[in-house]
Amino acid sequence: MIDKLDSALRFHQEALSLRARRQEVLSSNVANADTPNFKARDFDFGSRLAEAVERGRPPMSMSMSTTSSRHLSGEAHAAGESDLMYRTPNQTSLDGNTVEMDVERVNFADNAMRYEANLTILGSKIKSLLSAVQ
């Protein structure tokens, strides 16, 4: 029973997680719009979502090795910078910055709207599962 619930909600969990990650990347691009030689980055949401659903979530943390049982366990969360791609600008900038604010605003608004839509769909799915249980 739990496996069926997990599989029913896994897609939305992965989609929301990736949408939140993409929002961070896009906001970083906007924040660095005036930084010389900053290169705008993004990732392919569709392929990353398909990969996450098929293979499961890749490990996002690394644990530190300890030499004593009294050491605190520490974890470093991987930022996932290796999978980000550089965006090719439509119009070059003299200072080497590839952030185009119009493109970033459109991508940011589109991603935010899709995040909200995913939340709405997930909420209705949970409501229908709760009504089925009752």
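Going by the conditions given, is ALA76 part of a strand (DSSP E or B) and either modelled with pLDDT under 80 or farther than 25 Å from ILE126 by Cβ (or both)? Spell out how you get there, then give the answer.
On the way: part of a strand (DSSP E or B): yes; either modelled with pLDDT under 80 or farther than 25 Å from ILE126 by Cβ (or both): yes.
For ALA76, the condition - part of a strand (DSSP E or B) and either modelled with pLDDT under 80 or farther than 25 Å from ILE126 by Cβ (or both) - is met.
Here is a yes/no grid of residues against (1) within 23 Å of PHE43 (Cα to Cα); (2) surrounded by 14 or more Cβ atoms within 10 Å (Cβ to Cβ); (3) of a type in the set (Lys, Arg); (4) modelled with pLDDT under 95:
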position: THR66; (1), (2), (3), (4): no, no, no, yes
position: TYR86; (1), (2), (3), (4): yes, no, no, yes
position: ARG105; (1), (2), (3), (4): yes, no, yes, no
position: ASN111; (1), (2), (3), (4): yes, yes, no, no
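The values are calculated or read from the model by the stated rules, or taken from the named source; none is laboratory data. Quantities reported herein were computed from a predicted structural model and do not represent experimental measurements. In this analysis, Cβ positions are derived from the backbone assuming ideal geometry, glycine residues included, and neighbour counts consider all displayed protein chains.
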